1. I'd like the full set of residues that are part of a helix (DSSP H, G or I) and free of Cβ contacts under 8 Å to residues at least 60 places away in the same chain, limited to region 50-64.
2. I need the full set of residues from region 103-158 which are on the phi > 0 side of the Ramachandran plot, without any contact (Cβ under 8 Å) to a residue 60 or more places away in the chain and among the small types (Gly, Ala, Ser), in order please.
3. Condition first: aromatic (Phe, Trp, Tyr) and at pLDDT below 95. Now tell me which residues in region 49-71 satisfy that.
4. Is region 16-34 home to any residue that is within 18 Å of Trp165 (Cβ to Cβ) and buried (at least 23 other Cβ atoms within 10 Å of the Cβ)?
5. Would you say Ala195 is modelled with pLDDT of 95 or more, of a type in the set (Gly, Ala, Ser) and in the same structural domain as Asp24 (by TED's automatic domain parsing)?
6. If I filter region 197-241 down to residues being of a type in the set (Phe, Trp, Tyr) and part of a loop (DSSP other than H, G, I, E, B), which single residue comes out as surrounded by the fewest Cβ atoms within 10 Å (Cβ to Cβ)?
7. Going through region 242-278 one residue at a time, which ones are assigned to a helix (DSSP H, G or I) and closer than 20 Å to Ala177 by Cβ?
8. Quick one: in region 1-15, of everything that is more than 17 Å from Leu261 (Cα to Cα) and polar (S, T, N, Q), which residue is surrounded by the most Cβ atoms within 10 Å (Cβ to Cβ)?
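The values are calculated or read from the model by the stated rules, or taken from the named source; none is laboratory data. Computed from a predicted structure; not experimentally measured. No Cβ is skipped: glycine too gets one built from the backbone with ideal geometry, and neighbour counts run over all protein chains shown.
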Amino acid sequence: MKLSDTPITQHQFANIDFYLKRDDQLHPQFSGNKARKFMALLEQDYPQIDTLIGYGSAQANSLYSMAALAEIKGWQLEFYVDRIPTWLSDCPIGNYRGALALGAHVIPTAQSDLHPNDYIAQIRQPDERCLVVPEGGRCSLAEYGVQQLALEILDWTQQQANKQWVVALPSGTGTTALFLHKTLAKHGIEVLTCACVGGKDYLTEQFHQLGETSHPTILELESKHHFGKLYPRDYEVWQQLQAETEVTFDLLYDPMMWQCLLNWSPHHSDKTLIYIHQGGLLGNESMLPRYKRKYGESNDRQLNDR
């Protein structure tokens, strides 16, 4: 299976003309930035491996992507989490539900008082048949697939009219943004990102831990944005994006990045934007009901009337 060459489509949002790299269309199950990060695992042979091991949140996009990868490769996925909320265990939804359907074993570690990463090292003790992937795919292995994404962007831009291109995408660990920057900066293309988890200092530290000293540009909002917290402005931006582009975006990461871009764009009218669709749409299955429970349906109607 070769996953590459997703289309680039043209759109407008809030009077910003932009192009969209549709990495949500890589594969029905294995898509977005996680598919790019794990591309090396998909394409390379690992004859001795029968178990893929990861850790993170029970609703992480990486959980579902790793479950899809494991199914494709014929491996068993063990994914370690701090805890599985009772409500989620009783009624699986989102990435957790999708991963279970693909045969993943999701294992809580809270009773051991160990962080999932420490639990894997000290209790699970993986052997030579196991392949362990850091949280969110934050490792040098990710560079292979992200570089492929960068080369696709370069190939496409070289066929277009001469413009000042800028590539934008939100960051969790920042791995995708960092490795995109590593390739694209050599060709004069700036990469913009925002720190959806932890803030600018945290994201910069993630970049340093990957051994890179040249980093993408980090945009920030004026007020602190807490990861996973429900913000009415996030919900509005997400709905407006869908209404104006007729494309569904991720509800957890994309709204913050687009708010940063709404602030950035008026000062950079000479730049032409390419936005990277991150996939992660299965996570909307759990995020959207949370928003509707908190803010109701009236917000939907108000936005549709604009």
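1. Residue satisfying the conditions is Leu63 alone.
2. Selection gives Gly103 alone.
3. Hit for region 49-71 is Tyr64, nothing else.
4. yes
5. So Ala195 passes the test.
6. Residues of region 197-241 of a type in the set (Phe, Trp, Tyr): 202, 207, 227, 231, 235, 238.
Within this subset, residues satisfying the condition of being part of a loop (DSSP other than H, G, I, E, B) are 227, 231.
Working: Phe227: 13, Tyr231: 16.
The extreme case among them is Phe227.
7. Within region 242-278, Asp254, Pro255, Met256, Met257, Trp258, Gln259, Cys260, Leu261, Leu262, Asn263, Trp264, Ser265 meet the criteria.
8. Looking at the filtered set, the residue picked out is Thr6.
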